[in-house]
Amino acid sequence: MTNRYYQLLKKNIDSLIAGIIGFIVIYLFTKHSGIGISPDSIAYLSVARNMGKGLGIIDFSGRPMVDFPAFYAGVLFIISFITREDILVFAPILNGLLFASVIYTSGCIMEKFMQPAKWYKWILLACITLSPTMIEVFSMLWSETLFILLSLLFFVALYQYLRTHSHYSLAGISFIAAVAFVTRYAGITFIAIGGLLILFDKNINAIKKIIHLLFFGSVGISLGLINIIRNQIVSGSLAGIRQKSITPLYKNMEHYGSVLNDWLGFSMNNHDLFFILGITIWLILGITFIIHIINFSNYSTYENIGIIFFLIYTLFILLSSTLSRYETINSRLLAPAFIPFIWSLSYYLPQWIKQTKTSQAKWLKITASTIFSLLILCNESMVIADNYSYMKDSGIPGYTEDDWALSDIVQYIKKNNDLFKLGEQIYSNQNHAIYFYTNYQTQTVPETVHQQEVSAFYQCKKSYLIWFNNELNKDLLSLSDINMHKKLTPIHRFKDGTIYLCTNDSSTVK
């Protein structure tokens, strides 16, 4: 066993070196101000802290967390408990280790490709290590960091299952799918992916196939189902209140194609071309998967697993964003599909070159492949160099960025907490930021579509409003909306915001 692991490590020294470089990259990007923090990060961070206080799965607003599954926050709590440090202190190291693990695991997987080639492996390791998408995700306190590693471990487990069909490998894919589902709701795609691969597997008979499908589906959905049932009990909703999408499928396909355009290093700037690129790649890979089903010799391969993962995961993002309203499809949402994407579009290159009969044609193919690869790597390098030139002096965009940390209104509320001790209701259009910098709980300004919350806000006789000028969330009530129903009396004015006393009568309540 020891010799086996030694041989594995020896064969993947290049993957280990790339992983170490990836760790260093995350260290450099987070060196100035720590890990990047977004509103989603605040939800995970606050739940982890509250779990440490014995309060359960409660977020910074004092409400049960239901918009996100609980596992990632639980992992943050466990790490904080072990290290005896707030997770913000250890987060850059955690994300660096996760990124290194993703890179190393990717390299190990590429060693098992149908036509492994060192030059091909090195190019793709460089593409992953220098990917702006990967660096963005692993520079932030986001659940995608763990989710991407889980996807690669799922690939390894699926590869073993498709070759052995053993009970151990079936249990492995079932367990990883269950954990992925309770890490991100998009983890439901793991169950669809595994189910499809089992369904079309010609190497197991019908009865065994049905048994395996039932076992995999039951175990895979178990933890996510428990999480959803808990959400319904504590909040009355399965996964939080979701607004209906205002973006049609056609526009979402354009956004999806735009991301692929960036990943490929193309310079297209036309929405119709984005749509064509997105649909073309999806259809080509869909046809490739069907060919692999027919030509079964390519079925139980990492390449085929990567293709079906890309197809199902991106389809889920496209459909869910068309039905439910959340952020526009971007690199972050599609990040788990990045590695399968570059695998799916390039795995045939070593075989394509190897099958060339004449040396002249072979060198022509090598030259063309090298030039295209260098163009992608140069594009990635320029993007991350540009990003780093800003972030090394200002921090990761988000609440740890200098624009936030050094802003006048943030400095004031950090040093003057009397407002939070008055016992009055406090609202803000950036209650995430207030929690992050003060640990005090405030309520968010209601979204216009939530009429019950809007009515409760307007009926509150006396409250305080901390308004940040840099908030661009158009779903929230605007200052002009509030001013039509409430009397806003400025208490403190800053360049980047204002603290108001809100009353319902024509005179200020003392």
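A short reminder: the numbers here are calculations on the coordinates, not readings from a lab. Since this is a predicted model, take the numbers as computed values, not measurements. A quick note on method: Cβ atoms are made from the backbone with ideal geometry, for glycine too, and the neighbour counts reach across all protein chains shown.
Simple spin-label estimate for Ala206 and Ala171 gives 3.0 nm between the two label positions (7 Å along the Cα-to-Cβ direction from each Cα). In this simple spin-label model, placing a label point 7 Å from the Cα along the Cα-to-Cβ direction at both Asn504 and Asp475 gives a separation of 2.7 nm. Counted as membrane-span-like here are DSSP H helices of the chain whose alpha-carbon atoms extend 24 Å or more along the helix's own axis and whose Kyte-Doolittle mean is 1.0 or above; these are 13-30, 87-110, 144-164, 206-235, 271-294, 302-323. Taking N as the residue count of the stretch 242-355, its C-alpha radius of gyration divided by 2.2 N^0.38 Å amounts to 1.13. Taken over the stretch 144-187, the ratio of Cα radius of gyration to 2.2 N^0.38 Å equals 1.12. The stretch 128-142 and the stretch 217-259 have Cα centres lying 23 Å from one another. Pairs from the list Lys244/Lys486; Lys10/Lys112; Lys31/Lys392; Lys121/Lys357 with a Cα-Cα gap above 18 Å: Lys244/Lys486; Lys121/Lys357.
What the Kirkwood sum gives for the stretch 113-272 is a hydrodynamic radius of 18.6 Å, with every pair of different alpha carbons counted. Spacing of the modelled spin labels on Thr164 and Lys354, each 7 Å from Cα toward Cβ, amounts to 2.5 nm. Distant-in-sequence amide contacts of Ile426, defined by a placed amide H-H separation under 5 Å and a gap of 5 or more residues or a different chain, comprise Gln443, Tyr464. Here is the list for the stretch 192-244: trypsin sites (Lys or Arg not before Pro) lying in DSSP coil, each with at most 12 other C-beta atoms within 10 angstrom of its C-beta, are Lys202. Using modelled amide H (1.01 Å from N, peptide plane; none on Pro or chain starts), what sits under 5 Å from the amide H of Ile491, excluding residues fewer than 5 places away? Amide H neighbours of Ile491, under 5 Å, 5+ apart: Ile499, Tyr500, Leu501. Here's the picture: charge each Lys and Arg Cβ at +1 and each Asp and Glu Cβ at -1 in the chain, and of Thr358, Asn469, Gly54 the one pushed furthest to the positive end of that dipole is Thr358. In a solvent-free Debye calculation with one equal scatterer on each Cα, what is log10 I(q)/I(0) for the chain at q = 0.13 Å⁻¹, listed in the order of the q values? Debye intensities relative to I(0), on a log10 scale: -1.39.
With coordinates expressed along the principal axes, the C-alpha atoms belonging to the stretch 407-503 extend over 34, 28, 22 Å, beginning with the largest.
Shown here for the stretch 246-343: GluC sites (Glu not before Pro) in loop regions (DSSP other than H, G, I, E, B) with at most 15 other Cβ atoms within 10 Å, namely Glu327. Placing unit charges on the Cβ atoms of the charged side chains and taking the dipole of the chain about its Cα centre, the candidate lying farthest along the positive direction among Tyr256, Asn269, Ile409 is Tyr256. Taken as Cα centroids, the stretch 31-106 and the stretch 299-321 sit 27 Å apart, rounded to the nearest whole angstrom. Working note: Debye formula, equal point scatterers on the alpha-carbon atoms of the stretch 71-146, no solvent; log10 I(q)/I(0) at q = 0.14 Å⁻¹ is -0.54. For the chain, adding -39500 (n - 2.57) for each run of n ≥ 4 DSSP H residues and dividing by the number of residues yields -21000 deg cm²/dmol at 222 nm. Given R0 = 35 Å, the distance between the Cβ atoms of Leu283 and Ala368 translates into a calculated FRET efficiency of 0.90. As an exercise, identify the chymotrypsin sites (Phe, Trp or Tyr not before Pro) in the stretch 259-320 lying in DSSP coil whose Cβ has no more than 11 other Cβ atoms within 10 Å. Sites meeting the loop and neighbour criteria: none at all.
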